[in-house]
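Have a look at the structure below before the remarks.
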Amino acid sequence: MNFSFYKKNFLFILIFLFLISFYIFDLNNFVTIEYFKKNYLFIQSLVENYYLISIFFFFLFWLFLLSLFLPVSTIMVIFSGFLFSPYISIPISLLIITTGGVLNFLLLKKIVISRIFKKANFFLKKINMRFKNNEIQYLLLLRLIPIPYIIQNSIIVILKVNLRMFIITTFIAITPFVVLYSLAGFKLKEIISKEGPIDINDLTNYENFIIIGLLIIFIIISIVLKKKIKINS
């Protein structure tokens, strides 16, 4: 590897080093419910005294973490629901997660991740042909399945989805998750002072996720029906 390689890939090397450092130095402990519980009175007082500034820096910090591919959205939506109420948390969270997704999308596109799969070009072409026939449904389905955001974005880049379609389907598919976790953050206010550890299971009613399950089933049915109609026509 020569100097030109490091120069060309400087940004990605930097992101990789930050990711490694984030976990090696246990910086991930600062974005946990346990840490928030220990310090919520101090954090809440800052928000009350500097409300607009707090909103700006909280969401800017979140966007920064997302741009580095860190999987923090669930916990940050919960915190935002606690600190700023769902009425502010939901719309701004949708904007931040979608914007963070766009940054990931553009970064992954820049390194042309599909080069990694050169040997599978023929296979990818076959997938692309099927994918393009039901692009919106498959993208929504991908977003609704609980797999890491970076994997979702990598698949989308490989499948050569355009940016407009990426933004639209991301915004639609993350909405139910953002609403549910923002409400979980609001519920956190009721139990934050109780003794003992608190985790996401204490905040969420998993019956609400039936809606997401029904959406997944509906999308799968629409894909199957579309194929049958096409075969019969």
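The values are calculated or read from the model by the stated rules, or taken from the named source; none is laboratory data. None of the values given here were measured: they were computed from a predicted structure. Note that we place each Cβ from the backbone using ideal geometry, even for glycine, and neighbour counts take in every protein chain shown.
Whether any residue in region 66-73 is part of a helix (DSSP H, G or I), surrounded by fewer than 19 Cβ atoms within 10 Å (Cβ to Cβ) and of a type outside the set (Gly, Ala, Ser) is what I want to check.
no
Kindly indicate the residue of region 36-64 that is among the aliphatic types (A, V, I, L, M) and at pLDDT below 90 and also nearest to residue 94 (Cα to Cα) among those meeting that condition.
Only one residue fits best here, namely 43.
Can you find, within region 76-91, the residue that is modelled with the highest pLDDT among those that are in contact with a helix residue (DSSP H, G or I) (Cβ under 8 Å, 6 or more places away or on another chain) and surrounded by fewer than 19 Cβ atoms within 10 Å (Cβ to Cβ)?
88
Going by the structure shown, is residue 7 of a type in the set (Lys, Arg), modelled with pLDDT under 85 and outside any loop (DSSP other than H, G, I, E, B)?
Yes; evaluated as a whole, the condition is true for this residue.
Give just the number: which of (1) surrounded by 12 or more Cβ atoms within 10 Å (Cβ to Cβ); (2) farther than 18 Å from residue 183 by Cβ; (3) under 19 Å from the mean Cα position of the chain (by Cα); (4) modelled with pLDDT under 85 does residue 33 not satisfy?
(2)
Hey, among the residues in region 141-171 that are surrounded by fewer than 18 Cβ atoms within 10 Å (Cβ to Cβ), at pLDDT 90 or above and among the hydrophobic types (A, V, I, L, M, F, W, C), which one's nearest to the chain's Cα centre (by Cα)?
The qualifying residue nearest to the chain's Cα centre (by Cα) is 171.
Output the residue which, of all residues in region 75-90 that are in a helix (DSSP H, G or I) and of a type in the set (Ser, Thr, Tyr), is farthest from residue 56 (Cα to Cα).
In the first step, residues of region 75-90 are kept if they are in a helix (DSSP H, G or I); the result is 75-84, 86-90.
Of the ones still in play, those that are also of a type in the set (Ser, Thr, Tyr) are 80, 87, 89.
Working: 80: 12, 87: 16, 89: 12 Å.
Among them, the one singled out is 87.
Could you check, for region 159-172, whether at least one of its residues is in contact with a helix residue (DSSP H, G or I) (Cβ under 8 Å, 6 or more places away or on another chain), free of Cβ contacts under 8 Å to residues at least 40 places away in the same chain and aromatic (Phe, Trp, Tyr)?
Within region 159-172 (the criterion being in contact with a helix residue (DSSP H, G or I) (Cβ under 8 Å, 6 or more places away or on another chain), free of Cβ contacts under 8 Å to residues at least 40 places away in the same chain and aromatic (Phe, Trp, Tyr)), the answer is no, since none of the residues qualifies.
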